[in-house]
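The values are calculated or read from the model by the stated rules, or taken from the named source; none is laboratory data. Quick caveat: nothing in here was measured; it's all calculated off a predicted structure. Quick reminder, even Gly has a Cβ in these numbers, built from the backbone with ideal geometry, and neighbours come from all protein chains shown.
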Amino acid sequence: METDSIMHIYGYARVSAADQNEDRQLVALQAAGVNPENIFTDRKSGKDFNRPAWKRLVRRLKANDLLVISSLDRFGRNYAEMQDEWRRLVKIRHVHVRVLDMPILDTTTRQGLLAVFIADLVLQILSFVAETEREHIKARQREGITAAKARGVKFGRPKLDLPPCFGEVVQRFSNHEITLRTAASLCGMSPTSFWRKSRRLN
């Protein structure tokens, strides 16, 4: 694949959460020659390719277009799916791919089959590393939760202590003497909480 055959250049950026910032990726993509209007950005996990912006980008890509990504982990984090998506783009759709922080993952080089072989080999290794790290993170999270529970840490919504008047108020509400809103107000609760806890009491 040669660079003089490139038709259009697109960029892809991804962050995992809404409070993360993709500016660093956008700067790198633009410095690599990607027009800002051709950059697609997702705020989604990299566990799979079910991402809105990625899907729109893939529909836009044609043979001999170039896709630029700042780093491999922005491409994805699922070993098997990364393999499949890379092959679909490069070998079936004939799209060029360039990973900026890993120059060996650049299918626009002039090294023919050797370049494709090396890129595929490195991709397999790095994809495996990304997937392994993802599994390690999950394992550490599970271990942290287990250890916290062993220390008596409670997860989920905290239990709401019932006021001394709760039983009397529930009785008045059940007898239709007061409204739900009034009953909840007397107990210092939201109507939803009062209703749920009064049902449990009954």
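Screening Arg110, Arg98 for residues that are at pLDDT 75 or above, assigned by TED's automatic domain parsing to the domain that holds Ala28 and not in a helix (DSSP H, G or I) leaves exactly one candidate, Arg98. Looking only at region 77-95, count how many residues are touching an Asp or Glu at 6+ places or on another chain (Cβ under 7 Å) and not acidic (Asp, Glu). Within region 77-95, residues that are touching an Asp or Glu at 6+ places or on another chain (Cβ under 7 Å) and not acidic (Asp, Glu) number 4.
In this entry, Arg43 is excluded by the filter for residues that are in the same structural domain as Ala130 (by TED's automatic domain parsing), touching a helix residue (DSSP H, G or I) at 6+ places or on another chain (Cβ under 6 Å) and among the charged types (D, E, K, R). Per the conditions (1) closer than 15 Å to Arg14 by Cβ; (2) part of a loop (DSSP other than H, G, I, E, B); (3) at pLDDT 80 or above, the sole criterion not satisfied by Glu85 is (2). Annotation note: Cβ proximity below 6 Å between a residue of region 162-191 that is among the basic types (Lys, Arg) and a residue that is surrounded by 13 or more Cβ atoms within 10 Å (Cβ to Cβ) (sequence gap 6+ or interchain) occurs for Arg172/Ile178; Arg181/Pro191. When residues in region 1-21 are screened for being at pLDDT below 90 and either exposed (fewer than 12 other Cβ atoms within 10 Å of the Cβ) or in contact with a strand residue (DSSP E or B) (Cβ under 7 Å, 6 or more places away or on another chain) (or both), 9 of them pass.
Are any of the residues in region 47-61 without any contact (Cβ under 8 Å) to a residue 40 or more places away in the chain, assigned to a helix (DSSP H, G or I), in contact with a helix residue (DSSP H, G or I) (Cβ under 8 Å, 6 or more places away or on another chain) and over 15 Å from Arg134 (Cα atoms)? Yes, there is a match, as at least one residue in region 47-61 is without any contact (Cβ under 8 Å) to a residue 40 or more places away in the chain, assigned to a helix (DSSP H, G or I), in contact with a helix residue (DSSP H, G or I) (Cβ under 8 Å, 6 or more places away or on another chain) and over 15 Å from Arg134 (Cα atoms).
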